[in-house]
1. Could you check how many residues of the stretch 82-118 are within 12 Å of the ligand (Cβ to nearest atom) and basic (Lys, Arg)?
2. Looking only at the stretch 113-133, which residues are within 14 Å of Gly49 (Cβ to Cβ) and out of contact with any Phe, Trp or Tyr (no Cβ under 6 Å at 6 or more places or on another chain)?
3. In the stretch 61-88, how many residues are more than 13 Å from Leu108 (Cβ to Cβ) and in contact (Cβ under 8 Å) with a residue 40 or more places away in the chain?
4. Scan the stretch 36-50 residue by residue and report those that are at positive phi and part of a strand (DSSP E or B).
5. Please indicate, with yes or no, whether at least one residue in the stretch 94-101 is surrounded by 16 or more Cβ atoms within 10 Å (Cβ to Cβ), over 21 Å from Ile6 (Cβ atoms) and modelled with pLDDT of 95 or more.
6. Can you tell me which residue is nearest to the ligand (Cβ to nearest atom) among those in the stretch 36-60 that are in contact (Cβ under 8 Å) with a residue 60 or more places away in the chain and exposed (fewer than 13 other Cβ atoms within 10 Å of the Cβ)?
7. What tally of residues in the stretch 8-29 results from selecting those that are more than 19 Å from Leu83 (Cα to Cα) and in a loop (DSSP other than H, G, I, E, B)?
8. In this structure, does Tyr19 turn out to be exposed (fewer than 15 other Cβ atoms within 10 Å of the Cβ), among the aromatic types (Phe, Trp, Tyr) and more than 14 Å from the ligand (Cβ to nearest atom)?
Amino acid sequence: MDIPHIINFSKIGSQDLGYITVAETQKDTPFEIKRVYWTYYTPQDVIRGGHAHKELQQVIFATSGIIEFNTLDLQGNRENFILDSPSKGLYIPKLIWRDIKFSHNAVLLCLASELYDEKDYFRDFEEFKNYKK
Ligand code: TYD
């Protein structure tokens, strides 16, 4: 599915012992994982994101806390996603503008399809909106 959507990952374990969730490249993600990064200590009143990617695909988790995504595609479709469980992944295909809000204890883990490349970013909203596929 080439639209942002939640992927529910399996939880191994129990309430008594705790849980493990696993992401294996290409089996649990619709792409080969080339990069992993995480963000943390984001103040609650800060909105991050504010960009889109030309090629990058991602699966994003809130491994701790709660993270809210507002997404927008080039057809003008807006979606809201709340990551409130470490087993919930948000798949974001290429060409999706996103704004991100964090609870005070949130840790965002991202599995990414490409290495970091600043040229892959749209950081200007008008440039993104006017982009023709
Ligand atoms: P950015 O992707 O804009 O983060 P966010 O959407 O969370 O605000 O990245 C923030 C900064 O970190 C930016 O200067 C680029 C740098 N960065 C890297 O150097 N490598 C990476 O893999 C990532 C994701 C960011």
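The values are calculated or read from the model by the stated rules, or taken from the named source; none is laboratory data. Owing to the predicted nature of the structure, the values given are computational and were not obtained by experimental measurement. Positions of Cβ are generated from backbone atoms using ideal geometry, with glycine treated the same way; all protein chains shown enter the neighbour counts.
1. Within the stretch 82-118, residues that are within 12 Å of the ligand (Cβ to nearest atom) and basic (Lys, Arg) number 2.
2. Once the filter is applied, which keeps residues that are within 14 Å of Gly49 (Cβ to Cβ) and out of contact with any Phe, Trp or Tyr (no Cβ under 6 Å at 6 or more places or on another chain), the stretch 113-133 yields Tyr121, Arg123, Asp124, Phe125.
3. Count: 6.
4. Passing the criteria: Gly49, Gly50.
5. No: the stretch 94-101 contains no residue that is surrounded by 16 or more Cβ atoms within 10 Å (Cβ to Cβ), over 21 Å from Ile6 (Cβ atoms) and modelled with pLDDT of 95 or more.
6. Here the answer is Tyr37.
7. Residues that pass the stated criteria total 7.
8. yes
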